[in-house]
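Below you'll find the structure, written out as structure tokens, and then a few comments.
Just so it is clear, none of the values below were taken in a lab; they were calculated from the coordinates. This structure is a prediction, so every number in the text was calculated from the model and none was measured. Ideal geometry is used to build each Cβ from the backbone, glycine not excepted, and the neighbour counts take in all protein chains shown.
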Amino acid sequence: MIGILLLMMVGCTTQNESEKPVTKSKPDVEVVKSIEQTATLENRKVEMEGTGSITKEILLQNASEVGQLLENYYIESRVTMYAGDETDETVSREWFYWRNGEQHLRKEIEREDAPTHYIVGNDRDSIIYTEGDEMAIRSETLVQSIDLPSQADVVQQRIASYKESHNVSVVGKDEVNGRNAHHMRFTPKKEAIESGTTIDLWIDSEHWLVLKEVLNQGERSMEYEVLALVEGIEPPMDLFQMDLPEGVEVIDQ
């Protein structure tokens, strides 16, 4: 069950998922690196504003390098799978909050006609619980030993894969749920034309995260979309505690 939930944590926030893994506070060298990365992205943004346009190379580079630049935020995303007349939808809600140098995370994963999955964690441990189960799992490895990729890593891997098999073009500017975005399209190269897969990405103009992703492959398609992004949240700390039903046993693993 842990393996499935971990995949959902990473996969849904490609967007999703989108997001910072629960890690210990950054050492000084990482803070400096993050500041330098932010400055680089801001410089590129100024350059683009000066020219009034953006090249696919700069857009791909910014999207690939988007790092842990958001702090204290809530993100809600939806993944919808289409196969013929069948539709499968998963909604993820995530809270990331830093207090006194410690990171706190809460994630809820809802799927139609399926139990809700809950994950809460901090720098010390995390608890995973599936609605209706008689036990929850507490694990230190989820936050300390398992190297979950950041959103930057996930986006970079996807874009690198797309660039290998697809041609890239910038469609133009667009809006996704109230946020300005750059719309990019990936169409199959000649050698990959049999796959028939086209990919559209909408990349946030401010933070360079993927706000929307649509994959089309004949009768099958997938759509990922950020429904809400709220910065500067100040949630109550009990949000990051697992409120388990009476009788549920917590198993350490």
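Between residue 88 and residue 237, how high is the FRET efficiency from 1/(1 + (r/R0)^6) when r is the Cβ-Cβ distance and R₀ = 25 Å? Nearest 0.05. Intermediate values should be presented prior to the final figure.
Values: r = 34 Å, r/R0 = 1.38.
With a Förster radius of 25 Å, E is 0.15.
Ordered by the count of other Cβ atoms within 10 Å of each Cβ, fewest first, 175, 76 give 175, 76.
My understanding is that a pair violates if its Cα-Cα distance is over 20 Å; which of 56/189; 56/163; 189/212; 163/190 do that in this structure? In this structure, 189/212 lie more than 20 Å apart at Cα.
Remark: spin-label model distance residue 216-residue 177 equals 2.2 nm, labels positioned 7 Å along the Cα→Cβ axis. If the chain linking residue 102 and residue 194 were pulled fully straight, counting 0.36 nm for each residue of separation and taking away their Cα-Cα distance, it would gain 28.3 nm.
What FRET efficiency do you get for residue 72 and residue 110 if R0 is 25 Å and r is their Cβ-Cβ distance, rounded to the nearest 0.05? Please report the intermediate quantities before stating the final value.
Values: r = 23 Å, r/R0 = 0.93.
Step by step, r from the Cβ atoms, then E = 0.60.
Assuming R0 = 41 Å, what is the FRET efficiency of residue 244 and residue 185, from their Cβ-Cβ distance, to the nearest 0.05? Let's see the in-between values first.
Working: r = 46 Å, r/R0 = 1.11.
Between residue 244 and residue 185 the formula returns 0.35.
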